[in-house]
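Take a look at the structure below.
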Amino acid sequence: MIVTFLASPPASVLAPVARFVAADGWEQGLPAVIVAGAKAARFAGRAGQVFEGFADVDGVIGRLALVGIGGGDSDTDRRASLEKAGGALAGKYRTSGATQLLLDGAGLAADELASVLLALRLRLWKQDGYRTTLKDEEKASLEEILVMNAADGAQAAWEAATAIAEGVEFTRELVTEPANVLYPESFVERIRQRFAGTGVDIRVLDEKEMRSLGMGSLLGVAQGSARPPRMVVLEWRGGAADAAPLAFVGKGVTFDTGGISLKPGAGMEDMKWDMGGAGAVSGAMLTLARRKAKANVVGVLGLVENMPDGNAQRPGDVVTSMSGQTIEVINTDAEGRLVLCDALTFVQREYKPAKIVDLATLTGAIIMSLAHEYAGLFSNDDALSADLTKAGAATGDKLWRMPMGPVYDKMIDSPIADMKNVGGRFGGSITAAQFLARYIEKDADGKQTPWAHLDIAGTVWTDKPGATWDKGATGFGVRLLDSLVREAE
């Protein structure tokens, strides 16, 4: 999407013109025919409402769209309303035949206009690359957004927001790709291509290196696949040289059959997005690099494919993780935690991070608890939990904190190993978090590193459009992590 800021209104307008109106007094200054038509269509200026009519402007008949921005009082409500407005415009004009859309930014502050443009761009994103039989009226036509009457600083605010858009779009690209296209090795190549010239240091560990480090847990998941595993380390140094980094760790199971504990066939195609955590970390790291974040951040991606061939690990096998702890594998479909635990140990021992956040499409149980409205938040640190919750509210990547404690932890004790990888029928998302908590190490004073686990199984993919996404990959997590870093800069 090309955005062009105009120094003055155009002499003539062929593109549809969008004007933003609040719920209170939206009729003011509008042509009578537009007001009458909007009222007949029950337009009331609510956030995300769009009415289009035709009006005579300086002797030229043109299309005028009214876009409601509501009347939210809080900053969060205001942002959400503006994003609904931008998303609604994208939904209306993406395949309308119009190649340009003229936005009238009068009345919007610079950051408010940037919010509209960000939502518009994100809502326009759609993966149509594999569709070869689209009719002309189904193809995207909107290519350029023209902006007039922009507040001072609006162009700079939009340029800053493009870093977020790039990160979200990269995450969506990764999550959307089918597993025959995106697998551990090709994931690495996408990373190399997209991060070229960004200043991010890239390190890739192959199977031999991971084996030498003792990552028996991650490698156990990968051993049934013809696709070899990889671990990717993305390092951004934008902060003080002596400052410990913030660590993001992402689960990257590029396809999950369940292994020997094979999933039912119905819906298994969705498991191409079981790498959503790694996708979110990748997009967040790209955003941080694009905007030159003043922070030290390391992102670790554990990339595997979980397949059920003759070499696959079996229920009942015992594996030894990088930490030295042993795991009885009760269910090979509880594989994400087996990948994450070695990634968590690696990042702590290599980088000694100040804080850790891991993201994973870890359990169906979290969807049973929170539906598709929130991601589950589990943490050993109240301050980090509060910061993440605040960032989630500010960006729309909403989190809900879930309980943890000894009563749940003992549910994963094993009679023959240090732990088992599932805890029984109940509290599945909680016992998965307790499993990961056992891999958060203590310092010399016996204090654990602040850590949070985000179970994003219900939020990385959607079957209905939202304010800033179409059906499919949402890009959940990128804006959340970026906001967390911004608050700490």
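Assorted remarks:
- Debye log10 I(q)/I(0) for the chain, one point scatterer per Cα, at q = 0.07, 0.10, 0.11 Å⁻¹: -0.40, -0.76, -0.89
- Debye, to nearest 20: dipole size of the stretch 113-232, +1 on Lys, Arg Cβ, -1 on Asp, Glu Cβ: 480 debye
- Only one residue of THR462, ILE416, GLY336 has its Cα farthest out toward the positive end of the dipole of the stretch 336-481, where Lys and Arg carry +1 and Asp and Glu -1 on Cβ, and that residue is THR462.
- Under-5 Å amide H pairs with THR198, H placed in peptide plane, nonlocal only: none
- Shape call, the stretch 1-130: gyration tensor on alpha carbons, a/c limit 1.5: rounded
- Charge tally in the Cβ shell below 12 Å around CYS341, where Lys, Arg are +1 and Asp, Glu are -1, CYS341 excluded: -2
- Surface accessible to a 1.4 Å probe, ASP409 within the full protein complex, Å²: 40 Å²
- With helices as the sole contributors, the chain gives -10500 deg cm²/dmol at 222 nm; each DSSP H run of n ≥ 4 counts as -39500 (n - 2.57), and the sum is divided by every residue.
- Trypsin sites (Lys or Arg not before Pro) restricted to the stretch 346-426 and DSSP loop, no more than 11 other C-beta within 10 Å: ARG425
- Summary of the geometry: the stretch 284-300 and the stretch 358-391, compared by the centres of their Cα atoms, lie 22 Å apart.
- Shape call, the stretch 1-76: gyration tensor on alpha carbons, a/c limit 1.5: oblate
- Anisotropy class of the stretch 374-489 from Cα gyration tensor, a/c 1.5 cut: oblate
- From the alpha carbon centroid of the stretch 71-148 to that of the stretch 215-250 is 35 Å.
- Taking the Cα centre of the stretch 256-342 as reference, the dipole from Cβ charges on Lys and Arg (+1) and Asp and Glu (-1) amounts to some 760 debye.
- Taken about its Cα centre, the chain carries a charge dipole of roughly 260 debye when the Cβ of each Lys and Arg holds +1 and the Cβ of each Asp and Glu holds -1.
- Lysine pairs meeting the criterion (Cα under 27 Å, 8 or more apart or interchain), as found in the stretch 217-326: 5
- Here the average projected area of the convex hull drawn through the C-alpha atoms of the stretch 284-395 stands at 9.4 nm².
- Under the combined filter of DSSP loop state and at most 11 neighbouring Cβ atoms within 10 Å, the stretch 20-68 retains these trypsin sites (Lys or Arg not before Pro): ARG42.
The values are calculated or read from the model by the stated rules, or taken from the named source; none is laboratory data. In this text, all values refer to a predicted model and were calculated from it rather than measured experimentally. Quick reminder, even Gly has a Cβ in these numbers, built from the backbone with ideal geometry, and neighbours come from all protein chains shown. Ligands, DNA and RNA are excluded from the accessible area calculation, which covers all protein heavy atoms including side chains. Shrake-Rupley method; radii C 1.70, N 1.55, O 1.52, S 1.80 Å.
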